[in-house]
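Read through the structure below, which is laid out as structure tokens, and then see the notes.
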Amino acid sequence: MPIEGYNGSEILITSTSGNLTPPEKAKGLKPIYPSGSDNTGIGLDVQKIDNLITITCLIPFTQDGEYKIKVLKICLLSYQADAKEITISQLRI
């Protein structure tokens, strides 16, 4: 999962996991995850409390979640992940 710094002012999250749209017969239902609720439409729960933003992946380990995250170039970054690989680039400490 790449985490990349950029000159913008927002956190940008994109998914290359494919289609996370529920099947037609599930239309109107909301998926339930043990770790939170999907408020992004791509299987993530994003919460902001004061200056702390927490991103939690909700999809089960049986599905492949591929995300790319862009953050401000100058920021404090802490992460805890079970991802296969995390790369961090273009950030100033």
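What fraction, in whole percent, of alpha-carbon pairs in the range 2-89 exceed 23 Å separation?
Of all Cα-Cα distances in the range 2-89, 26 percent exceed 23 Å.
Dipole size in debye (nearest 20) for the chain around its Cα centre, Lys and Arg Cβ +1, Asp and Glu Cβ -1?
On the way: 9 positive and 10 negative charges, 33 e Å.
Dipole magnitude for the chain comes out near 160 debye.
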Legend entry - Extended-chain gain in nm, criterion 0.36 nm per residue less alpha-carbon gap, L76 and N7: 23.4 nm
Legend entry - 3J(HN,Hα) from dihedral phi, the range 65-75, Karplus parametrisation 6.51/-1.76/1.60, rounded to Hz, x for glycine, proline: x, 10, 10, 10, 10, 10, 10, 4, 4, 10, 7
Inset, instruction - Go through P23, P60, G36 and say which Cα lies farthest out towards the positive end of the charge dipole of the range 2-89; charges sit on Cβ, +1 for Lys and Arg, -1 for Asp and Glu. - result: P23
Inset, instruction - Among DSSP beta bridges lying fully in the range 2-89, give the percent that are antiparallel, nearest 5. - result: 60 percent
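Read-outs: derived from the displayed coordinates by stated rules, not from any lab. Please read these numbers as outputs of a predicted model, since none were measured by experiment. Cβ atoms come from the backbone with ideal geometry, glycine included; neighbour counts cover every protein chain shown.
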